[in-house]
Amino acid sequence: EDQVTQSPEALRLQEGESSSLNCSYTVSGLRGLFWYRQDPGKGPEFLFTLYSAGEEKEKERLKATLTKKESFLHITAPKPEDSATYLCAVNPYEADSNYQLIWGAGTKLIIKP
Amino acid sequence: KAGVTQTPRYLIKTRGQQVTLSCSPISGHRSVSWYQQTPGQGLQFLFEYFSETQRNKGNFPGRFSGRQFSNSRSEMNVSTLELGDSALYLCASSLADRTANYGYTFGSGTRLTVV
């Protein structure tokens with residue numbers, strides 16, 4: 001069964017303390033993997049799309065990487081405004097796919113000043 | 001450029017009532033998807049519309065329905081509300097019919113509370 005698992009569920013860091021969030025997936029094939037950020041009471045905001053193992057993308061203090069089994073969202077020297085829930089979603093490749101994403105449960109990131 | 005607009009932002013309804021939520025996608029986006037988000041279940045896919053046709057449907061009871069108009073605006077309806085329907089309902093639009101690989105743009109959602 002296709003599945004996306006994010007870890008940890010929650011992560012508390014001090015401002016400036018770098019870390020990584022994990023998104024592991026089990027699918028027969030991968031069309032794409034997405035990272036979103038969601039602030040409380042708002043809809044998810046698109047961050048990155050990754051398509052193949054070895055690919056990396058960066059945006060400000062965030063860098064997303066992809067392997068054949070998982071993706072990491074690295075956050076370097078985070079600031080309090082980086083506090084949010086980070087969601088990972090996978091578009092699985094299947095012959096009869098309905099092209100719907102499989103979502104992880106998210107990692108709640110809290111950055112303390 | 002206007003984003004995805006959902007109305008209303010907040011709604012309180014009584015069990016047994018019905019509710020209609022509205023979504024206006026980004027101009028030019030023809031695909032609209034609806035999601036239910038709760039703390040326990042995360043994001044759950046409801047349905048997707050493209051060019052006024054429902055393309056995909058998630059595992060929700062028939063009380064949940066939707067439609068899309070010729071201008072791509074979409075509505076979803078929930079009949080005979082239950083307490084468990086309390087959630088944040090999110091609408092997402094996308095440029096292409098093969099929605100997923102282009103990513104979604106989400107609205108801010110409608111917070112529905114059923115009492």
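The values are calculated or read from the model by the stated rules, or taken from the named source; none is laboratory data. Note that this is a predicted model, so its numbers are computed, not measured. Note that each Cβ is placed from the backbone with ideal geometry, even for glycine, and that neighbours are counted across all protein chains shown. SASA here: full protein model, heavy atoms, side chains in, ligands and nucleic acids out. Shrake-Rupley method; radii C 1.70, N 1.55, O 1.52, S 1.80 Å.
The residue that is farthest from B:Pro25 (Cα to Cα), counting only those in segment B:68-82 that are open to solvent by less than 30 Å² (accessible area, probe 1.4 Å) and over 11 Å from the mean Cα position of the chain (by Cα), is B:Leu81. For segment A:24-38, which residues satisfy the criterion of being modelled with pLDDT of 95 or more and within 13 Å of chain B (Cβ to nearest Cβ)? Of everything in segment A:24-38, those that are modelled with pLDDT of 95 or more and within 13 Å of chain B (Cβ to nearest Cβ) turn out to be A:Trp35, A:Tyr36, A:Arg37, A:Gln38. Within segment A:1-38, the residues that satisfy the criterion of being in a loop (DSSP other than H, G, I, E, B) and within 18 Å of A:Tyr86 (Cβ to Cβ) are A:Pro8, A:Glu9, A:Glu15, A:Glu17, A:Ser18. Apart from one condition, B:Ser31 fits all of (1) small (Gly, Ala, Ser); (2) in contact with a Cys (Cβ under 6 Å, 6 or more places away or on another chain); (3) within 14 Å of chain A (Cβ to nearest Cβ); the exception is (2). Tallying residues that are among the hydroxyl-bearing types (Ser, Thr, Tyr) and at pLDDT below 90 within segment B:41-70 yields 1. For segment B:91-101, the criterion of being out of contact with any strand residue (DSSP E or B) (no Cβ under 6 Å at 6 or more places or on another chain), more than 21 Å from A:Leu47 (Cβ to Cβ) and open to solvent by 50 Å² or more (accessible area, probe 1.4 Å) is satisfied by no residue at all.
A Cβ distance below 6 Å, combined with a sequence gap of six or more or placement on separate chains, defines the contacts here; from segment B:78-89, residues that are over 12 Å from B:Pro61 (Cα atoms) reach residues that are among the β-branched types (Val, Ile, Thr) and loosely packed, with under 14 Cβ neighbours inside 10 Å in the pairs B:Ser86/B:Thr113; B:Ala87/B:Thr38.
Every residue, every condition in (1) at the interface with chain A (Cβ under 10 Å from one of its Cβ atoms); (2) exposed (fewer than 13 other Cβ atoms within 10 Å of the Cβ); (3) not aromatic (Phe, Trp, Tyr); (4) not in a strand (DSSP E or B), yes or no:
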position: B:Gln37; (1), (2), (3), (4): yes, no, yes, no
position: B:Phe45; (1), (2), (3), (4): yes, no, no, no
position: B:Tyr49; (1), (2), (3), (4): no, no, no, no
position: B:Arg55; (1), (2), (3), (4): yes, no, yes, no
position: B:Gly66; (1), (2), (3), (4): no, no, yes, no
position: B:Gly84; (1), (2), (3), (4): no, yes, yes, yes
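Per the listing A:Lys79, A:Lys57, the residue uniquely within 14 Å of chain B (Cβ to nearest Cβ) and within 25 Å of A:Gly16 (Cα to Cα) is A:Lys57. Close contacts from segment B:43-62, counting a first residue that is on the phi > 0 side of the Ramachandran plot and a second that is open to solvent by 20 Å² or more (accessible area, probe 1.4 Å) and part of a strand (DSSP E or B), with Cβ to Cβ under 8 Å and a gap of 6+ residues or different chains, come to B:Glu52/B:Arg67.
Okay, residues lined up against (1) within 14 Å of chain B (Cβ to nearest Cβ); (2) part of a strand (DSSP E or B):
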site: A:Pro40; (1), (2): yes, no
site: A:Gly43; (1), (2): yes, no
site: A:Phe46; (1), (2): yes, yes
site: A:Ser52; (1), (2): yes, no
site: A:Lys63; (1), (2): no, yes
site: A:Thr85; (1), (2): yes, yes
site: A:Val90; (1), (2): yes, yes
site: A:Ile110; (1), (2): no, yes
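Set side by side, the residues A:Glu55, A:Glu70, A:Glu81, A:Glu60 differ, and just one is open to solvent by 10 Å² or more (accessible area, probe 1.4 Å) and at positive phi, which is A:Glu60.
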